[in-house]
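Novice: Please read through the structure below; I'll follow up with questions.
The values are calculated or read from the model by the stated rules, or taken from the named source; none is laboratory data. Bear in mind that the values here come from a model prediction, so they are computed numbers and not experimental data. As a convention, Cβ positions derive from the backbone with ideal geometry for all residues, glycine included, and neighbour counts pool all protein chains shown. Surface accessibility is based on the protein's heavy atoms, side chains included, excluding ligands, DNA and RNA. Shrake-Rupley method; radii C 1.70, N 1.55, O 1.52, S 1.80 Å.
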Amino acid sequence: MNPPRYFGLIPAAGIGARLGVGIPKQYMPLAGKPMLAHVLDTFAAAVIAHTFVVVSAEDGYIHDLVAAAPHWSGRITILFRGGENRHASVLNGLQAIRAQLGDDDWMLVHDAARPGLTGVLIENLIRVLQNDDVGGLLALPMVDTLKRSDQNGRVAQTVERSALWAAQTPQMFRYGLLVQALTQATALTDEAGAIEMLGLQPRLIEGSPRNFKVTLPHDVALAEMFLRS
Ligand code: CTP
Ligand code: MG
């Protein structure tokens with residue numbers, strides 16, 4: 001049996017409407033380089049055989065980004081296959097690389113909008129999951145007391161938080177299982193949700209606050225702080 005291989009898949013075909021900086025947020029400079037460049041530097045330095053980046057067919061920024069980073073040469077492939085939502089972009093990307101992947105190869109799917117990912121987090125995820133039957137994801141245990149609201153903005157219920165986690169990425173599943181799950185699922189925000197629909201239970205591995213998703217304008221200062229530290 002061949003040793004397992006690990007591949008990166010970075011959905012980067014969104015427009016960043018909620019951040020609203022005038023360009024797709026993955027190309028916004030943070031701490032000296034574009035958000036997506038932070039992610040690709042981390043993947044290029046990790047034990048990842050190859051990383052695929054899914055961008056929109058009309059993307060006008062990726063060419064310059066890649067041209068400015070010769071150290072990614074041979075480590076990264078751009079797929080102009082973005083879909084109408086994240087789920088579609090990921091599935092399009094996976095289908096486009098079918099000939100290069102085996103069903104047992106591991107895919108690490110990671111948001112371009114999480115520039116705070118580190119090599120240590122990737123190594124930890126791989127170490128815990130390399131012999132797992134299902135796969136899993138980075139996530140953060142909730143620390144705040146959680147409230148469910150009613151329609152009037154009042155507390156309807158305090159939610160027991162001890163078993164609650166906030167999902168992050170990378171989400172790591174074997175290629176064949178992931179394609180099957182995403183093909184059957186509809187309108188999901190993460191890969192783990194599709195695997196769960198098959199009746200399987202992805203494993204939760206503790207991530208880090210610095211791996212948060214840059215989504216709203218007030219996230220920018222926090223991201224810069226983590227990236228400079
Ligand atoms: N994404 C994608 N294809 C889409 C939509 C999103 O590849 N059609 C990617 C984004 O580029 C991002 C990740 O999925 O890396 C997480 O999505 P999100 O944070 O929602 O990014 P955007 O969709 O760009 O932001 P917004 O929802 O505010 O427009
Ligand atoms: Mg979005």
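Novice: Restricting to Cα pairs below 8 Å that are 6+ residues apart, what does the relative contact order work out to for segment 70-155? Please round to a whole percent.
Specialist: 11 percent
Novice: Okay, next question. May I ask for the net charge around LEU216, where only other residues with Cβ less than 11 Å from the Cβ of LEU216 are counted and Lys, Arg are +1 while Asp, Glu are -1?
Specialist: Charge balance near LEU216 sits at +2.
Novice: Search the structure for amide H atoms under 5 Å from the amide H of LEU30, placed 1.01 Å from N in the peptide plane, and list their residues when 5 or more places away or on another chain.
Specialist: Amide H neighbours of LEU30: MET35.
Novice: Let me ask something else about it. Reachable lysines from LYS33, Cα under 23 Å, same-chain residues fewer than 8 places away excluded?
Specialist: Counting by Cα, and skipping residues close in sequence, LYS33 has these lysines nearby: LYS25, LYS213.
Novice: Further, regarding this structure: Just read off the accessible area of MET225 with the full protein assembly in place, 1.4 Å probe, to the nearest 10 Å².
Specialist: Spelled out: MET225, probe radius 1.4 Å, area about 110 Å².
Novice: Percent relative contact order of segment 19-168, based on C-alpha pairs within less than 8 angstrom and at least six residues apart?
Specialist: 19 percent
Novice: Suppose every Lys and Arg Cβ carries +1 and every Asp and Glu Cβ carries -1, with no other charges. What dipole size does segment 82-146 come out with about its Cα centre, to the nearest 20 debye?
Specialist: Around 200 debye, computed over segment 82-146.
Novice: Moving on. In debye, nearest 20: dipole of the chain around its Cα centre with unit charges on the Cβ of K, R (+) and D, E (-)?
Specialist: 340 debye
Novice: Shifting gears a bit: List, in order, the whole-Hz ³J(HN,Hα) value for each residue of segment 135-140 obtained from phi through the Karplus relation with A = 6.51, B = -1.76, C = 1.60 and θ = phi - 60°; use x for Gly and Pro.
Specialist: x, x, 8, 6, 7, 10
Novice: Taking θ = phi - 60°, what integer Hz values does the Karplus form 6.51 cos²θ - 1.76 cosθ + 1.60 yield along segment 98-111, in sequence order, with x for Gly and Pro?
Specialist: Here the 3J(HN,Hα) series is 3, 5, 9, 10, x, 4, 8, 5, 8, 10, 10, 8, 9, 5 Hz.
Novice: Something else now. Counting only the heavy atoms of the protein chains, how much of VAL47 is accessible to a 1.4 Å probe, in Å² to the nearest 10?
Specialist: In the full protein context, VAL47 sits at about 100 Å².
Novice: Say the dipole of segment 6-228 comes from +1 at the beta carbon of Lys and Arg and -1 at that of Asp and Glu; which of GLY93, LEU137, LEU182 then lies farthest toward its positive end?
Specialist: The residue sitting most towards the positive pole is LEU137.
Novice: Sticking with this structure for a sec: Go through segment 132-216 and name the GluC sites (Glu not before Pro) that are in a DSSP coil and have 14 or fewer other Cβ atoms within 10 Å of their Cβ.
Specialist: Qualifying residues, ordered by number: GLU160.
Novice: Then there is this: For segment 181-193, what does the Karplus curve 6.51 cos²θ - 1.76 cosθ + 1.60, with θ = phi - 60°, yield as ³J(HN,Hα) per residue in whole Hz, taken in order and with x for Gly and Pro?
Specialist: Listing the rounded values in order: 5, 6, 5, 7, 7, 10, 6, 10, 9, 8, 5, 4, x Hz.
Novice: Another question, if that's okay. Could you list the square roots of 5 times each eigenvalue of the Cα gyration tensor of segment 50-95, that is, the equivalent ellipsoid semi-axes, sorted largest first and rounded to whole Å?
Specialist: Output for segment 50-95: semi-axes of 20, 13, 6 Å.
Novice: One-quarter of the Cα convex hull surface for the chain, in nm²?
Specialist: 13.8 nm²
Novice: Considering the dipole of the chain built from charges on the beta carbon (Lys and Arg +1, Asp and Glu -1) around the Cα centre, which of ALA67, LEU79, PRO3 is farthest to its positive end?
Specialist: ALA67
Novice: On a 1.4 Å probe surface of the protein chains, which of LEU79, LEU108 comes out largest in accessible area, and what is the full order?
Specialist: Sorted descending by solvent-accessible area, the residues read LEU79, LEU108.
Novice: With all protein chains present, calculate the accessible area of SER149 using a 1.4 Å probe and round the result to the nearest 10 Å².
Specialist: Probe radius 1.4 Å; accessible area of SER149 about 80 Å².
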